[in-house]
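Below is one structure, written out as structure tokens; the observations come after it.
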Amino acid sequence: MSDEKTDAIVIRTVDFSETSSIVTFFTKDFGKISALAKGARRKKGPFESALDLLATCRIVFLHKTGDSLDLLTEAKLQHRLRASENGLSRLYSSYYMAELLRNFTDEMDPHPRLFDISLECLRDLENSDLEYEPTVLRYELSLLQEIGQAPSLRRCVACGRDVAALHRIAFGLLAGGVLCDGCRRGQRRIVSLRVEVIEILSEFGDPSSSNWRNNSSYKNHEKEIRPFVNNYFAELLGKRPRMFGYIPILGRS
Ligand SMILES: [Zn+2]
């Protein structure tokens, strides 16, 4: 048993008893953790609003070995989600980020850069001067990059050769990347993507660069990008993410 401190984002809260909750956090130093928050459901509980969904907080928890739940001992609010003030699509996009973190990260498997990107995208969604659709794509692609599930966009996912940048390029949804002419035969679930779309996906998925913010061609290709990314995530997850039903641009597939 050890006492651990870290920054955290609340990605799920489930009632545990009349007074307690089990809270799942995505933390900077430990990745995903689930901890019992005793008294969290009391009106004047020890954690106040630090455990609201997608709140950012500084937490202290007791890490238990084996199957026992970690125990939350402190949670100090740093930032409360404000996306709801700027429209439901922004709020639901934030919930979608939480859904992706719950599904694609593992307990005690830290990804500090993904933590920073998560905070940055949550703040962007709160900012009504910025369009939310590019932020959603940025988040989806950099998350995949950080957890090692990014689609192969330059090299054929089957043979490793560079794929010629023709007008349209074959992408295997099951294979997880572009396919050269020789390898596409016999593959199932192939979509054909414009080379411009492949370039946009590469730029948005580069966690070390902020060039995506100045990308002016995203809007022109959104109609092709969204159904593709939606299908790709449904394929990776084995089902359509739940929040797809709530966000107009994610409803298309
Ligand atoms: Zn090939």
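Can you tell me how many residues within segment 159-177 are touching a strand residue (DSSP E or B) at 6+ places or on another chain (Cβ under 8 Å), modelled with pLDDT of 95 or more and near the ligand (Cβ under 9 Å from one of its atoms)?
1
Of the residues that make up segment 67-87, is at least one in contact with a Lys or Arg (Cβ under 7 Å, 6 or more places away or on another chain) and assigned to a loop (DSSP other than H, G, I, E, B)?
no
With the requirement that a residue be closer than 19 Å to Gly66 by Cα, open to solvent by less than 30 Å² (accessible area, probe 1.4 Å) and not small (Gly, Ala, Ser), what does segment 21-42 give you? Reasoning before the result, please.
At the first step, the residues of segment 21-42 found to be closer than 19 Å to Gly66 by Cα are 22-25, 30-37.
In the following step, the residues that additionally are open to solvent by less than 30 Å² (accessible area, probe 1.4 Å) were identified as 23-25, 31-37.
Residues satisfying the conditions are Val23, Thr24, Phe25, Lys32, Ile33, Leu36.
Sort out which residues of segment 20-40 are among the hydroxyl-bearing types (Ser, Thr, Tyr) and within 13 Å of Ile9 (Cβ to Cβ), and write them in order of number. Please lay out each step first, then the result.
Step one: filter segment 20-40 for residues among the hydroxyl-bearing types (Ser, Thr, Tyr), giving 20-21, 24, 27, 34.
Thr24, Thr27, listed by residue number.
Residue by residue, here is whether (1) without any contact (Cβ under 8 Å) to a residue 24 or more places away in the chain; (2) within 13 Å of Leu137 (Cβ to Cβ); (3) open to solvent by 10 Å² or more (accessible area, probe 1.4 Å); (4) within 18 Å of the chain's Cα centre (by Cα) holds:
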residue	(1), (2), (3), (4)
Arg194	no, no, yes, no
Ile198	no, no, no, no
Leu201	no, yes, no, yes
Asn214	yes, no, yes, no
His221	no, yes, yes, no
Tyr246	no, no, yes, yes
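Would you point out which residue out of Gly45, Gly87 is over 12 Å from the mean Cα position of the chain (by Cα), at positive phi, modelled with pLDDT under 95 and open to solvent by less than 70 Å² (accessible area, probe 1.4 Å)?
On the way: Gly45 fails: at positive phi.
Answer to the selection: Gly87.
For Glu140, work out the one condition from (1) more than 20 Å from Asp3 (Cα to Cα); (2) touching a residue at least 60 places away in the same chain (Cβ under 8 Å); (3) open to solvent by 20 Å² or more (accessible area, probe 1.4 Å) it doesn't fulfil.
For Glu140, the exception is condition (3).
Scanning for something away from the ligand (no atom under 16 Å from the Cβ) and either polar (S, T, N, Q) or over 21 Å from Leu237 (Cβ atoms) (or both), does segment 185-193 turn up at least one residue?
Looking for residues that are away from the ligand (no atom under 16 Å from the Cβ) and either polar (S, T, N, Q) or over 21 Å from Leu237 (Cβ atoms) (or both), one finds none in segment 185-193, hence no.
The values are calculated or read from the model by the stated rules, or taken from the named source; none is laboratory data. Just so we're clear, the structure is a prediction, and the values are computed from it rather than from any experiment. Positions of Cβ are generated from backbone atoms using ideal geometry, with glycine treated the same way; all protein chains shown enter the neighbour counts. Please note that ligands, DNA and RNA were not included when accessible areas were found on the heavy atoms of the full protein model with its side chains. Shrake-Rupley method; radii C 1.70, N 1.55, O 1.52, S 1.80 Å.
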